[in-house]
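Peer 1: Sharing a structure, written as structure tokens. Questions coming.
The values are calculated or read from the model by the stated rules, or taken from the named source; none is laboratory data. From a predicted model like this one, the values you see are computed outputs, not experimental measurements. Quick reminder, even Gly has a Cβ in these numbers, built from the backbone with ideal geometry, and neighbours come from all protein chains shown. We work out accessible area using only protein heavy atoms, side chains counted, and drop any ligands, DNA or RNA first. Shrake-Rupley method; radii C 1.70, N 1.55, O 1.52, S 1.80 Å.
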Amino acid sequence: MWYFDSPHIVYGEDARCVLETVEGRRAFIVTDPTMVRLGFVDEVRRRLESAGLEVAVFSEVEPEPSLQTAVRGAEAMRAFEPDWIVGLGGGSCLDAAKAMWIMYERPDVTPDSINPFDTYHLRQKARLITIPTTSGTGSEVTWAIVLTDTAEQRKLGLGTRECVADIAIVDPYFVQGMPARLTADTGMDALTHAFEAYVNTWHNDFSDGLALQAIKLIFTYLPRAYRDGKDMEAREHMHNAATIAGLACSNSLFALAHSLGHSLGALFHIPHGRAVGLFLPYTIEYSAPSGAARYADIARFLGLPADDEETAAWALSARVRQLMHEIDQPQSIAALGIARADFDAQLEALVDRAESDSQTVTSPRVPDRGEFARLFVYAYEGRPIDF
Amino acid sequence: MAHRFPSDAWIKALCAELNASEAYANAAKNWEGDFYFIVEAGGPLEKDVWLYMDLWHGKCREAFEVTDPASKSPEFVMSASYEDWKKVVLGELDPIKGLISRRLKLKGNMNKIMRAPQAAKELVACCTKVETEFPA
Ligand SMILES: NC(=O)c1ccc[n+]([C@@H]2O[C@H](COP(=O)([O-])OP(=O)(O)OC[C@H]3O[C@@H](n4cnc5c(N)ncnc54)[C@H](O)[C@@H]3O)[C@@H](O)[C@H]2O)c1
Ligand SMILES: [Fe+2]
């Protein structure tokens, strides 16, 4: 037995109008200063108020949010007693909203202990709306919460199926002005979700089709959205693709590019999508010999050479590198501007974190310590994987 | 020689497999924590069977069937029906999926378990190596 979980998804142009039909008393928006500056908070507030709700805003979420931020937000929620929580922003705001909501419902729970095995009985006090303003993490539909333990410089993969949002509003209005760099980074995150959802060992009939379609959409529309942010057709398809990829990985899992990316991101403060996307081609090449990743299926779907797993994997890694080239994405750790000496000094710590990352175990091929170190070194130097 | 599941001989055979497994030793090198595995009455079992296992830094220090559950107070207590345990032992039910779907019940620090999925995977790999006889 297994599950497929999804929010009620409202998507496309003007999807945000659904906010005017929300029934409730008080809405608590979890967001960041950029969302306030861009006028998105006012846009959402106005529509909620026209639905008769009283609105409060917590706009202090930082990128890659910390455990401490989640605790502070939950306290503010308890004071306001909302019956709707609205996460508005990139993955950071949405993850923070989920964590705060859980602690609002369950004051006895600490954020670092949120796990998929316990039952929390959420929705006694409030329900959750998620509104993504990046086309990347898919957090608007996933059960995952990524928080940073700043003391340990470690990213914590937390979450529970209960925290999948009630309503996800996937409106391209919120991404039309996304800067090109953010478009590229978050688009690579979505592509990595789609690939990893398809190849991880928990893949299933329900997630497979979503993953394939998301991969195809992203190869088609990400370069367009990057080159011309005003290309609303590309923006809308990318926004949908990120949510679809989120549904795919939330209902299967992730794999190695996320373990490596989480580790690099936590130690060198690299944005999530840039870090995980960088490792995608390397992990495709590394996983090919396992024969378990089903790269031939993906390649066939994209019309790439697919005679066998090896051929397909190399065709796919080349295709991903080509996309990265088109969107000016760094393709090695060196290209991120990390000095060799700093990298070498942190190599053990990088391996430690990647090895114990919860995404490692479901990868089609699981590296041992030595292989983890080599993966990092090859990715530093930008060398194709030959082991 | 095949060992009947669940029994003292079976858990001792698993203990020996773990201590012979380099993959397990590696995956669980930071693990500290002992377990009660409870196989609930039902099917071929007239009463609950309690198995104790002490896992410490990639090794199994001790394992036996418990007659008095009060004799130990392990950090983790994991319980499931005989049929679900059988699936775990045969490698047909991923224990992490079993926990998420509530077919396996666990008392103890969940986060510690969540951060040791590779150790859980290697532990199951060792289970599948134990020559096991399942009473009908
Ligand atoms: N829960 C999940 O399923 C999941 C999956 C992948 C990643 N994540 C997590 O999500 C976080 C990354 O999220 P992200 O990549 O969306 O970035 P982000 O939320 O960290 O945002 C990055 C920056 O972009 C700004 N921004 C957001 N939308 C904008 C817009 N439309 N225009 C201009 N600026 C905008 C933000 O204010 C912020 O300063 C990480 O913490 C990562 O670990 C979660
Ligand atoms: Fe991601």
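Peer 1: Provide a whole-number value for the mean count of partner chain Cβ atoms within 10 Å of the Cβ atoms in peptide A:111-118.
Peer 2: So the per-residue partner count for this stretch is 5.
Peer 1: If you roll a 1.4 Å probe over the protein assembly as shown with all protein chains in place, what percent of the accessible area is carbon or sulfur?
Peer 2: Summing carbon and sulfur atoms, their accessible area is 51 percent of the total for the protein assembly as shown.
Peer 1: Can you give the local net charge around A:ARG235? Use residues other than it whose beta-carbon is closer than 13 angstrom to its beta-carbon, Lys and Arg +1, Asp and Glu -1.
Peer 2: On the way: positive: A:ARG224, A:ARG227, A:LYS230; negative: A:GLU13, A:ASP171, A:ASP228, A:ASP231, A:GLU233, A:GLU236.
That sum, taken over residues with Cβ under 13 Å, equals -3.
Peer 1: Going by a ≥ b ≥ c, the root eigenvalues of the Cα gyration tensor, does segment A:37-125 fall in the rounded group (a/c under 1.5), the prolate group (a/b larger than b/c) or the oblate group? Write down the numbers at each step before the final one.
Peer 2: On the way: a/c = 2.14, a/b = 1.42, b/c = 1.51.
Judged from the Cα gyration tensor, segment A:37-125 comes out oblate (a/c at least 1.5, b/c at or above a/b).
Peer 1: Just checking the output field for B:109-118: average partner chain Cβ neighbours within 10 Å of each residue's Cβ?
Peer 2: 5
Peer 1: Roughly what angle does helix A:369-381 make with the longest principal axis of chain A, taking Cα atoms, 0 to 90 degrees, to the nearest 10?
Peer 2: Helix A:369-381 and the main axis of chain A meet at about 90 degrees.
Peer 1: Additional query: In Å², what does the accessible area per residue of segment A:8-175 work out to with a 1.4 Å probe? Walk me through the numbers before you get to the answer.
Peer 2: Values: 6070 Å² over 168 residues.
Per residue, segment A:8-175 has an accessible area of 36 Å².
Peer 1: Moving on to the next point. Counting each pair of different Cα atoms once, what's the Kirkwood radius of the protein assembly as shown in Å, rounded to one decimal?
Peer 2: That comes to 24.0 Å for the protein assembly as shown.
Peer 1: Just add up the charged neighbours of B:ALA2: K/R +1, D/E -1, any other residue whose Cβ is under 10 Å from the Cβ of B:ALA2.
Peer 2: For residues surrounding B:ALA2, the net value is -1.
Peer 1: How tilted is helix A:205-227 with respect to the longest principal axis of chain A? Cα atoms for both, answer in degrees (0 to 90, nearest 10).
Peer 2: Orientation of helix A:205-227: about 90 degrees from the principal axis.
Peer 1: If you average the alpha carbon positions of segment A:182-258 and of segment B:79-94, how far apart do those two centres end up, in angstrom?
Peer 2: Using only Cα atoms to place each centre, the spacing works out to 35 Å.
Peer 1: Among bridges DSSP assigns within chain B, what percent are antiparallel (round to 5)?
Peer 2: Percentage antiparallel, nearest 5: 70.
Peer 1: Measuring from label point to label point, each 7 Å out along Cα→Cβ, what is the B:LYS129 to A:ALA339 span in nm?
Peer 2: Here the answer is 4.6 nm between the modelled labels.
Peer 1: Considering only the other residues whose Cβ falls under 14 Å of the Cβ of A:LEU210, what net charge follows from Lys and Arg at +1 and Asp and Glu at -1? Before the final figure, lay out each step's value.
Peer 2: Details: positive: A:LYS216; negative: A:ASP5, A:GLU196, A:ASP205, A:ASP208, A:ASP297.
Result for the neighbourhood of A:LEU210: -4.
Peer 1: Which shape class, rounded, prolate or oblate, goes with segment A:180-381 when its Cα gyration tensor gives a ≥ b ≥ c as root eigenvalues, a/c under 1.5 marks rounded, and past that a/b bigger than b/c marks prolate?
Peer 2: Values: a/c = 1.64, a/b = 1.19, b/c = 1.37.
Judged from the Cα gyration tensor, segment A:180-381 comes out oblate (a/c at least 1.5, b/c at or above a/b).
Peer 1: Take the cross-link list B:LYS29/B:LYS105; A:LYS216/B:LYS97; A:LYS98/A:LYS216; B:LYS29/B:LYS112 and give me the ones stretching past 19 Å between alpha-carbons.
Peer 2: As for pairs spanning more than 19 Å Cα to Cα, those are B:LYS29/B:LYS105; A:LYS216/B:LYS97; A:LYS98/A:LYS216.
Peer 1: Out of all DSSP beta bridges in chain A, what portion is antiparallel? Express it as a percent rounded to 5.
Peer 2: Percent antiparallel among DSSP bridges in chain A is about 20.
Peer 1: How do B:63-72, A:345-354 rank on mean C-beta neighbours within 10 Å, highest first?
Peer 2: By packing density, highest mean first, the sequence is A:345-354, B:63-72.
Peer 1: Normalised by the number of residues in segment A:232-387, what is the relative contact order in percent for Cα pairs under 8 Å and 6+ residues apart? Mind dumping the intermediate values first?
Peer 2: Numbers: 167 pairs, mean separation 46.0, N = 156.
In percent, rounded to a whole number, it is 30.
Peer 1: If you don't mind, there's one more thing I want to ask. For chain B, what is the accessible area per residue in Å² when the probe is 1.4 Å?
Peer 2: Here the per-residue accessible area is 47 Å².
Peer 1: Total accessible area buried between chains B and A, 1.4 Å probe, in Å² to the nearest 100?
Peer 2: For B against A, buried area totals roughly 1900 Å².
Peer 1: Can you tell me which of A:42-55, A:21-34, A:260-273 comes out highest on packing, and rank the rest after it, using the mean Cβ neighbours within 10 Å? If you can, show how the numbers build up before the last one.
Peer 2: Values: A:42-55: 16.7, A:21-34: 19.4, A:260-273: 24.1.
Answer by packing, highest mean first, reads A:260-273, A:21-34, A:42-55.
Peer 1: May I pose another question? So which residues in segment A:350-370 end up with at least 50 square angstrom less accessible surface once the other protein chains are there, compared with the chain by itself, probe 1.4 angstrom?
Peer 2: A:VAL361
Peer 1: While we're looking at this one, here's another question. Using only the alpha-carbon atoms, how far is helix A:309-326 inclined from the longest principal axis of chain A? Give it as 0 to 90 degrees, nearest 10.
Peer 2: With rounding to tens, the tilt is 60 degrees.
Peer 1: Rank-order A:93-106, B:36-49 by packing density, defined as the average count of other C-beta atoms within 10 Å over each peptide's residues, highest first.
Peer 2: In decreasing order of mean packing, A:93-106, B:36-49 become A:93-106, B:36-49.
Peer 1: In whole angstrom, how far apart do the alpha carbon centroids of segment A:146-162 and segment B:1-33 sit?
Peer 2: Centre-to-centre distance over Cα atoms comes out at 31 Å.
Peer 1: For chain A, what is the calculated [θ] at 222 nm in deg cm²/dmol (nearest 500), taking -39500 (n - 2.57) for each run of four or more DSSP H residues and dividing by its residue count?
Peer 2: Computed mean residue ellipticity for chain A: -16000 deg cm²/dmol.
Peer 1: Where in segment A:1-39 does accessible area fall by at least 40 Å² between the isolated chain and the complete protein assembly, at a 1.4 Å probe radius?
Peer 2: Flagged in segment A:1-39: A:MET1, A:TRP2.
Peer 1: Run the numbers on chain A and let me know its relative contact order in percent, using alpha-carbon pairs under 8 Å that are six or more apart. The partial results should precede the final answer.
Peer 2: Values: 810 pairs, mean separation 56.6, N = 387.
Result for chain A is 15 percent.
Peer 1: I've got another one for you. Hey, in the GNM for chain A with a 10 angstrom Cα cutoff, which one of A:THR192, A:THR134, A:THR148 fluctuates hardest?
Peer 2: A:THR148
Peer 1: Quick check: Cα centre of segment A:282-352 to Cα centre of segment A:63-102, how many Å?
Peer 2: If you average the Cα positions of each part, the centres end up 34 Å apart.
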